[in-house]
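The values are calculated or read from the model by the stated rules, or taken from the named source; none is laboratory data. Just so you know, these numbers come straight off a predicted model, no measurement behind them. With ideal geometry, Cβ positions are generated from the backbone for all residues, glycine too; neighbour counts draw on all protein chains shown.
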Amino acid sequence: MTKPLMAKATAVWLIDNTTLSFRQIADFCGMHELEVQGIADGDVATGVKGFDPVANNQLDPAEVEKGQKNPLHKLKLKYNAAAQGEDKRRGPRYTPLSKRQDRPNAILWLVKFHPELTDGQIAKLVGTTKPTIQSIRERTHWNIGSMTPIDPVALGLCRQTELDSIVQQAARKRAAEGGVMTDDERRKLVSTEQSLEMEDEPRMPSDFDIFTKREEEEDKSSVDYSDAESFFKPAGETVHDEDDEYDRR
């Protein structure tokens, strides 16, 4: 915990009850200096009641005195052992109620296009539970017939950087295990930007390609080029013998 609770209300109280500079208050409350100036001018936080950080055990009175005497002094938040580690999120990601109905579609998309991701990674990414992911993997979910795979980034359930980071972790894990990946799997394990820049690799010719090429070669070899005149004449014309032409004259 590096910032005080109710930062805007704390800034209101410090402006009204101390002579601290706007920069000192802004640094302590995690705000911009112009925003603090707007609070002092009455343009920002109108109607917000001040929150006393000294009485609420967030700021030592000695720190306020030092800051008022020295404009360059930076206020330090009072140490609270009970608040240590509170800024770290625990458990699955919180998903707003308005987006929870879209979460199964995002899980289906991840299961379909990134099967290398573990249930724990998917649960952390979109904020769900492992039994829900397992039911969608096994297609036993009660609403599986109505689901449509949709990118969780497009649904706003996660950021593209978070998705790319987890995909890269899966790629490193797969490489460390020494598993052989197909081209499709390798494209799934890279980020969106990298996959767009990848060039198609040459593929082995199929039986159909070999048969077609052989057929074309046979057609070319069947043409008779022994008669030079028939080779150079335009199509549709017939070749007449010179003696026949002379007789007709």
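Some points to look at:
- Selected residue (criterion: modelled with the highest pLDDT) from residues of segment 58-100 that are assigned to a loop (DSSP other than H, G, I, E, B), exposed (fewer than 10 other Cβ atoms within 10 Å of the Cβ) and not aromatic (F, W, Y): L72
- With respect to the conditions (1) surrounded by 14 or more Cβ atoms within 10 Å (Cβ to Cβ); (2) out of contact with any Cys (no Cβ under 6 Å at 6 or more places or on another chain); (3) modelled with pLDDT of 85 or more, D41 lacks only one, and its number is (1).
Rundown of residues vs (1) among the aromatic types (F, W, Y); (2) surrounded by 13 or more Cβ atoms within 10 Å (Cβ to Cβ); (3) over 12 Å from the mean Cα position of the chain (by Cα); (4) within 13 Å of P104 (Cβ to Cβ), yes/no style:
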| residue | (1), (2), (3), (4) |
| --- | --- |
| D119 | no, yes, yes, no |
| T128 | no, yes, yes, yes |
| S146 | no, no, yes, yes |
| I150 | no, yes, yes, yes |
| Q160 | no, yes, no, no |
| R172 | no, no, yes, no |
